[in-house]
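Reading through the C-alpha cells given below for one structure.
The values are calculated or read from the model by the stated rules, or taken from the named source; none is laboratory data. All values reported here derive from a predicted model rather than from experimental measurement. Glycine gets a Cβ as well: all are built from the backbone with ideal geometry, and neighbour counts include every protein chain shown.
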Amino acid sequence: MAMTEQTAAPQKNGRVNLRTPAVMEAVQAQVQSHYRSEVVEKLRAAGGTLSKAGVTVKLAKQFGFCYGVERAIDLAYAAAKVFTDRRLFILGEIIHNPEVNEQIRVLGIKNLIGKNAEARVDDLTAADVVIVPAFGTDVTTLERIKEIGSNIVDTTCGDVMSVWKRVRQNAQDDMTSIIHGKASHEETKATASRAMVSGKGHYLVVLTLDDTDYVCDFIRRGGDKEAFLERFRGAYSEGFDPDIHLRRVGVANQTTMMRGETEEVQRRIMAAIRERDGGDGKANYRFFDTICGATQERQDALRVMLDEPMDLLIVAGGYNSSNTSHLAEMGEQKLPTYFIRNASRLESRDRITHYDLHAKREITTTNWLPHRPVTIGITAGASCPNNLIEDAILRLFELHGIGRGELLE
Ligand code: SF4
C-alpha cells in the first residue's frame, strides 16, 4: 500500500501517531532488512552456543535491541515513509549506535542537536516533521517546537517517561530530585528538565559513589557551599542551593545505570538523611528505582554467563551507550573484556582495537585471542542491532579459519 499522511493518525499537541497497522506493516520489511541476522537467530534457537573446531561462541540470553529502541527505529522509518514531501529532523541521535544513526541519515532525516547539527530548532517551520528520540528531550526544546507548530513524532520510551513522572512528583512535593546518571546524557538532561516544570523544583545529578559520598557529607554536616557548587557545576538546576535544597530529596536514576551502584546511591543518601533527621527519614526522603526492564535483563543475563567458564568477553555497541558501557564494566571485573563498536575492530588474531572505559578512547591490544580450544562470550547493549552482532560472531570464527558456510552447514 502506498503510504500517505492519511494512513497515519493525527493526534493532539502536534504529535502524530504512526503506529497504525498499515504503516507498521510497511516499515517492518525495511527495518528487518537493515538489522536482522540469520546467524543470531540460529544461535539463539540453538540455546546460545555455537561450537566449531575448538572455537565456542556463547551469546548472552538477553542482548541487543530493547523494546524502546525497536519502537523508536520503527517510528523513524515510518516517518520517512509517510512524510515523503516534508523536511524530516531528529533531536540528536535516535539511539547511541553510529551505524543505526548513519541509516537514519540515509533516510534523509537531519539532526537538530549537538556538534553534528545540520539545522537549528529555530529554523523549523510548521510544515516540518521532528522526531523525538528514545531518550526524550528537554521541556524547553519541546515547547519551542510546539510553538512553531511542527509535527512531532515522539519515540520517547515509556520507561523514560515513568522517570519523568517521579521527578515531576518530587517537584510537586517540594523535594529535590537527586538523579543518579550522567549529567551530559540526553536522557538525564530530559529528565532533569521535568524537575523544573512546576517552577519550584530542583535537581542534582550524581554519577559516582564519590559524588554520592560528597553529597552525603553535606547532608550530614553542611560545608562549603561554593566548593559544592563548583564540584557539581553543570549538574544542578538554576538556583540550586545545597544549604536549602538538600533538606528533602527524592532519588531517581537514568534508566540504564548499573543496578548495584544505583542501589548503593539510594542506600547512602537514605542513611545520611536518617542520621541528620533521626527516625526512619521517610518525611524527607524517597526513592524510585527507575532502571528499565531491558537494562536489568541484559545485566542479569551477563551475570549468569560470567559464572560459566570463558576465556574472554566481547561487548558490542556504541561507545557512548550507557547500558553497553555497564555491560563492559561487569565483564572486565571477571575476565579479559573487549568493548568494540563493530566487527572491523577485530583486526586480526594478534590485534584488536577496543574502547577503554577508563581512558575514554579506543586502544589497541595485541595477542588478545587465545589458541584453540577457546570459549568466547558475546553480548551487546540495547542499542546494538543483530546484524552487527552477527558480523562479530562470524569474524571470531573467521579469525580461526572457519568461514560462514562451514559454520552454518
Ligand atoms: S534502554 Fe530501557 S529506557 Fe532505554 S529505550 Fe531501551 S527499554 Fe527504554
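Structural remarks
- Neighbours by Cβ (under 8 Å, 6+ apart or cross-chain): first from the stretch 69-90, farther than 23 Å from A382 by Cα; second in a loop (DSSP other than H, G, I, E, B) and within 16 Å of the ligand (Cβ to nearest atom): none
- Qualifying residue in the stretch 96-103 (condition: assigned to a helix (DSSP H, G or I), modelled with pLDDT of 95 or more and among the hydrophobic types (A, V, I, L, M, F, W, C)): no
- The set of residues from the stretch 53-63 being more than 20 Å from the chain's Cα centre (by Cα) and either crowded, with 16+ Cβ neighbours inside 10 Å or within 18 Å of A380 (Cα to Cα) (or both) comprises V55, T56, V57, K58, L59.
- Selection status of I269, in contact (Cβ under 8 Å) with a residue 40 or more places away in the chain, closer than 15 Å to L207 by Cα, crowded, with 16+ Cβ neighbours inside 10 Å and over 19 Å from the mean Cα position of the chain (by Cα): yes
- Filter result for S383 (farther than 19 Å from K42 by Cα, part of a loop (DSSP other than H, G, I, E, B), touching a residue at least 12 places away in the same chain (Cβ under 8 Å) and under 17 Å from the mean Cα position of the chain (by Cα)): yes
- Per the conditions (1) within 23 Å of the chain's Cα centre (by Cα); (2) farther than 26 Å from F65 by Cβ; (3) of a type in the set (A, V, I, L, M), the sole criterion not satisfied by M161 is (2).
- Contact map, the stretch 243-259: residues that are farther than 30 Å from A328 by Cα paired with residues that are within 13 Å of the ligand (Cβ to nearest atom) and assigned to a strand (DSSP E or B), Cβ distance under 9 Å, separation 6+ or inter-chain. No pairs are found.
- Within the stretch 188-300, helices (runs of 4 or more DSSP H) holding 3 or more residues that are under 30 Å from T379 (Cα atoms) and more than 16 Å from the ligand (Cβ to nearest atom): 209-221, 259-277
- A183 being under 19 Å from I291 (Cα atoms) and within 16 Å of the ligand (Cβ to nearest atom): no
- Some residue of the stretch 190-209 being of a type in the set (F, W, Y), within 27 Å of E143 (Cβ to Cβ) and buried (at least 22 other Cβ atoms within 10 Å of the Cβ): yes
- Taken together, T365, T337, T379, T353 contain a single residue that is surrounded by fewer than 20 Cβ atoms within 10 Å (Cβ to Cβ) and closer than 27 Å to D307 by Cβ, which is T365.
- Residue in the stretch 294-304 that is closer than 19 Å to N170 by Cα, modelled with pLDDT of 95 or more and of a type outside the set (K, R) present: no
- Residue in the stretch 358-378 that is in contact with a helix residue (DSSP H, G or I) (Cβ under 6 Å, 6 or more places away or on another chain) and within 29 Å of S184 (Cα to Cα) present: no
- Filter result (of a type outside the set (K, R), buried (at least 19 other Cβ atoms within 10 Å of the Cβ) and touching a strand residue (DSSP E or B) at 6+ places or on another chain (Cβ under 8 Å)) within the stretch 285-305: Y285, F287, T290, I291, L302, M305
- Qualifying residue in the stretch 356-363 (condition: within 16 Å of the ligand (Cβ to nearest atom) and within 30 Å of A134 (Cα to Cα)): no
- Answer residue from the stretch 65-87, given it is within 25 Å of G149 (Cβ to Cβ) and not in a helix (DSSP H, G or I) and is farthest from the ligand (Cβ to nearest atom) among those: D85
- G318 being in a helix (DSSP H, G or I) and among the small types (G, A, S): no
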